[in-house]
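> Sharing a structure below in structure tokens format, with a few things to ask.
Laboratory data are not the source of any read-out in this text; all were calculated from the coordinates shown. Bear in mind that the values here come from a model prediction, so they are computed numbers and not experimental data. Using ideal geometry, Cβ is built from the backbone for each residue, glycine included, and neighbour counts are taken over all protein chains shown.
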Amino acid sequence: MRIAIIGSGYVGLVSGACLADFGHEVTCIDKVHSKIDALRAGRMPIFEPGLEHLVERNVAAGQLTFSTELAKPASEADVVFIAVGTPSRRGDGHADLSYVYGAAREIAGALCGFTVVAIKSTVPVGTGDEVDRIIRSVNPAADFAVVSNPEFLREGAAIDDFKRPDRIVVGLAGDERARDAMAEVYRPLYLNKPPLIFTGRRTSELIKYAANAFLALKITFINEIADLCENVGANVQDVARGIGLDNRIGPKFLHAGPGYGGSCFPKDTSALVRTAQDSNAPLRLVETAVAVNDQRKRTIVRKVVSACGGNVRGKTIAILGLTFKPNTDDMREAPSLSIIQALIDLGAQVRAFDPEGMTQARTLLDSSVSYAEGPYECAEGAEALVIVTEWNQFRALDFGRLRRAMSSAVMVDLRNIYKREEILKHGFRYVNVGEGAAA
Ligand code: NAD
């Protein structure tokens, strides 16, 4: 099949490369010329494990091309995917749909022959109807069907998630030709037998938000249980294991930490809350999770302050990990942003290290933050070392070397990647999440 993908970011580029790998002929399009120039030169505009190799292979095979212009690839495509960003709209928390609607207008003028327009961006219920209306009003003669095909990949494991999804959801609005086309797009995956769920377009749009909101609730739940554990002398990791082994609950998303962040959960929970309020069916659990999580990203800093004897003014605090999770360079809504700002507000000097996130971080963090070349340089002269993101390279640090580098041996492990006994052996003071004193 011929496929055009509008938007070559974390979702568009990974989807495009994987679909090309399935044997489709794919063009990935982006308005940002520097991204397309980089891709044409074989450089990845984002960090995603395995992506460079996958792109290189499919470009060499002639399956994958890049363009800044959508007219030609969209006119030749059987399916045009919209994979542009849907950030939070400033002020009210609704999803900003201007990129989606802009793409719809551009696609409308280019359509030629029957074409499926598949919305992969995460969009509120009813967006498919509006995209349909926009295309029809710009090009009344166009023969097309708008479907919803939300994406569930996770950054850091995106290729594997795309190629081995738990499920593929396609929301239709009555055109059977669209069902056949979408079944054909994903046919190469049938060998792995992921459930292909066909449903209504509005239902499909809601499935994506409901999934993300549910996961955000699960994280927020275990974070609150962690606080309770600290106050009553229990251990949240054992609680998580104890409940997670129940099949009805499951072990995933039960890791207590500094609160969820990233490019999806914060904006998607807030957009869902707004949709629900506007539809007279408020989602009070999700509203509360959003508020609890926002609060947590700053209050977690108290752990650092108390570990430093109640005051961080004038002290150097070393931060290990800036991205919202490991194996990505994505800094959007990363907990590190609020944590570092709160430390600066309290008078601390912050030095940070992240294996992939420092380029993006420099554009987002206060200019007083300094950056190190590695974990040990980061720890030099620091009063405390704070693990914010659980990159693998922070899991086996040399504590002797750290102790010699630091002015005081304090570790705050916001991801619970170490065992208390192990750290104490090295003479460190150790503060983690959800481990009460008598645990
Ligand atoms: P992104 O910001 O990385 O990429 C979006 C790209 O679209 C940008 O490169 C931008 O330049 C381009 N763009 C915008 N308007 C355009 C236009 N008219 N023509 C061509 N290019 C245009 O965003 P992302 O993280 O890939 O997310 C895209 C969508 O997928 C969002 O709705 C997001 O919620 C959803 N999603 C993201 C993830 C994730 O892990 N990042 C996972 C599932 C779903």
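> Neighbouring Cβ atoms within 10 Å as the yardstick, rank Y190, Y376 fewest first. It would help to have the intermediate numbers written out before the result.
Values: Y190 10, Y376 17.
In order of increasing Cβ crowding within 10 Å: Y190, Y376.
> What aspartates and glutamates does K419 reach when the alpha-carbon gap must be under 17 Å and sequence neighbours fewer than 8 apart in one chain are set aside?
In chain and number order, the partners are E230, D238, E390, D398, E435.
> If you keep only loop residues by DSSP, which trypsin sites (Lys or Arg not before Pro) in segment 1-92 have at most 10 other Cβ atoms within 10 Å of their Cβ? Don't skip to the answer; put the middle values down first.
Working: sites: R2, K31, K35, R40, R43, R57, R89, R90; in loops: K31, R43, R89, R90.
When the trypsin sites (Lys or Arg not before Pro) of segment 1-92 are filtered for loop state and at most 10 Cβ neighbours within 10 Å, R90 remain.
> Continuing with the same structure: Give the long-range amide H neighbours of I319: residues separated by 5 or more places, or on another chain, with amide H under 5 Å away, using H modelled in the peptide plane at 1.01 Å from N.
R351, A352, F353, V386
> Could you run the Karplus curve 6.51 cos²θ - 1.76 cosθ + 1.60 with θ = phi - 60° over segment 311-327 and give me ³J(HN,Hα) per residue in whole Hz, x for Gly and Pro?
3J(HN,Hα) across segment 311-327, in whole Hz: 7, 10, 4, x, 8, 8, 10, 8, 10, 9, x, 10, 5, 6, 7, x, 6.
> Related question: I'd like the orientation of helix 201-232 relative to the chain: the angle between its Cα long axis and the longest Cα principal axis, in ° from 0 to 90, rounded to 10.
10 degrees
> Right, another one. Suppose only helical runs count, i.e. DSSP H with n ≥ 4. What mean residue ellipticity at 222 nm does that imply for the chain under -39500 (n - 2.57) per run, divided by all residues and rounded to the nearest 500 deg cm²/dmol?
Working: 18 runs with 191 residues, N = 439.
The helix contribution divided over the chain gives -13000 deg cm²/dmol.
> If you rank L254, L19, L364 by fewest surrounding Cβ atoms within 10 Å, what's the result?
Numbers: L254 20, L19 25, L364 16.
The fewest-first ordering by Cβ neighbours comes to L364, L254, L19.
> Could you go through segment 416-426 in sequence order and give the Karplus-derived ³J(HN,Hα) for each residue, using 6.51 cos²θ - 1.76 cosθ + 1.60 with θ = phi - 60°, rounded to whole Hz, and x for Gly and Pro?
6, 8, 10, 9, 3, 4, 5, 6, 4, 4, 8
> Among S263, G347, Q277, which residue has its Cα furthest toward the positive end of the charge dipole of segment 233-439, with +1 on Lys/Arg Cβ and -1 on Asp/Glu Cβ?
G347
> Would you please classify the overall shape of segment 314-424 from the alpha carbon gyration tensor, given that a ≥ b ≥ c denote the square roots of the eigenvalues, rounded means a/c under 1.5, and beyond that prolate means a/b larger than b/c while oblate covers the rest? Walk me through the numbers on the way to the answer.
Numbers: a/c = 1.70, a/b = 1.24, b/c = 1.37.
Oblate, because a/c is 1.5 or more while a/b does not exceed b/c.
> By how many degrees, between 0 and 90 and to the nearest 10, does the Cα long axis of helix 127-138 differ from the longest principal axis of the chain?
40 degrees
> Please report the relative contact order for segment 193-264, taking Cα pairs under 8 Å with a sequence separation of at least 6, and give it as a percent rounded to a whole number.
Relative contact order here is 32 percent.
> Now a separate question. L285 to R2: extension gain in nm, 0.36 nm per residue of separation minus the Cα-Cα distance?
Numbers: separation 283, 0.36 × 283 = 101.88 nm, distance 4.27 nm.
Full extension from L285 to R2 adds 97.6 nm.
> Please arrange H94, H53, H33, H426 by how many other C-beta atoms lie within 10 Å of their C-beta, fewest to most. All intermediate terms of the calculation are to be shown ahead of the outcome.
Numbers: H94 18, H53 12, H33 9, H426 15.
Sorted ascending by nearby Cβ count, the order is H33, H53, H426, H94.
> Report the extension gain between E130 and A60 in nm, rounded to one decimal, defined as 0.36 nm multiplied by the number of residues separating them, less their alpha carbon distance. Each step should come with its number before you reach the end.
Working: separation 70, 0.36 × 70 = 25.20 nm, distance 3.81 nm.
Once the chain is fully extended between E130 and A60, it gains 21.4 nm.
> What is the distance, in nm, between label points placed 7 Å from the Cα along the Cα-to-Cβ direction at D294 and at D96?
1.8 nm
> To the nearest 20 Debye, how big is the dipole of segment 2-194 about its Cα centre, given +1 on the beta carbon of each Lys and Arg and -1 on that of each Asp and Glu?
Working: 21 positive and 26 negative charges, 22 e Å.
Charge dipole of segment 2-194: 100 debye, to the nearest 20.
> A further question on this structure: When the chain is treated as a GNM, springs tying every alpha-carbon pair under 10 Å, which of I168, I197, I300 comes out with the largest mean-square fluctuation?
Top of the fluctuation ranking is I197.
> Give the long-range amide H neighbours of V147: residues separated by 5 or more places, or on another chain, with amide H under 5 Å away, using H modelled in the peptide plane at 1.01 Å from N.
Result for V147 returns V117, A118, I119.
> Testing the spin-label approximation: label points 7 Å from Cα along Cα→Cβ at R362 and E176. State their distance in nm.
5.8 nm
> Given Cα pairs under 8 Å that are at least 6 residues apart, what percent is the relative contact order of segment 263-409?
Normalised by residue count, the contact order of segment 263-409 is 24 percent.
> In whole Hz, with x marking every Gly and Pro, tabulate ³J(HN,Hα) for segment 391-402 from phi via Karplus 6.51 cos²θ - 1.76 cosθ + 1.60, θ = phi - 60°.
So the J values, rounded to whole Hz, are 4, 4, 5, 9, 7, 9, 6, 8, 6, x, 5, 4.
> Could you tally up the Lys pairs in segment 2-194 with alpha carbons closer than 27 Å? Skip any pair fewer than 8 positions apart unless they're on separate chains.
Step by step, the pairs that qualify in segment 2-194 add up to 10.
> Follow-up. Suppose every K and R has +1 on its Cβ and every D and E has -1 on its Cβ; what is the size of the dipole of the chain about the Cα centre, in Debye to the nearest 20? Mind showing how you got there, number by number?
Numbers: 51 positive and 53 negative charges, 154 e Å.
That gives the chain a dipole magnitude of about 740 debye.
> Using 0.36 nm times the number of residues separating F214 and A71, minus their current alpha carbon distance, what extension gain do you get? Don't skip to the end; give the middle numbers.
Working: separation 143, 0.36 × 143 = 51.48 nm, distance 3.84 nm.
Gain in length upon complete extension: 47.6 nm.
> Counting DSSP beta bridges in segment 89-214, what percent are antiparallel, to the nearest 5?
On the way: 1 of 11 bridges.
Restricted to segment 89-214, the bridges split so that about 10 percent are antiparallel.
> Can you tell me the FRET efficiency between R105 and R395 if r is taken as the Cβ-Cβ distance and R0 is 60 Å, rounded to the nearest 0.05?
Working: r = 48 Å, r/R0 = 0.80.
Once the sixth-power term is evaluated, E becomes 0.80.
> Another question, then. If you average the sequence gap of Cα pairs under 8 Å that are 6 or more apart and divide by the length of segment 230-310, what percent do you get for the contact order? Present the calculation step by step, with values, prior to reporting the outcome.
Numbers: 36 pairs, mean separation 17.5, N = 81.
22 percent.
> With the crude spin-label approximation of a point 7 Å out along Cα→Cβ, what separation in nm comes out for R248 versus L346?
About 4.0 nm, to one decimal.
> Using only Cα atoms, tell me the angle between helix 98-110 and the longest principal axis of the chain; keep it within 0 to 90° and round to the nearest 10.
20 degrees
> Counting other Cβ atoms within 10 Å, keep those with at most 13, restrict to DSSP loop, and tell me which GluC sites (Glu not before Pro) in segment 332-439 are left.
Details: sites: E333, E356, E373, E377, E380, E383, E390, E421, E422, E435; in loops: E333, E356, E373, E380, E383, E390.
Those that pass, being in a loop and sparsely packed, are E373.
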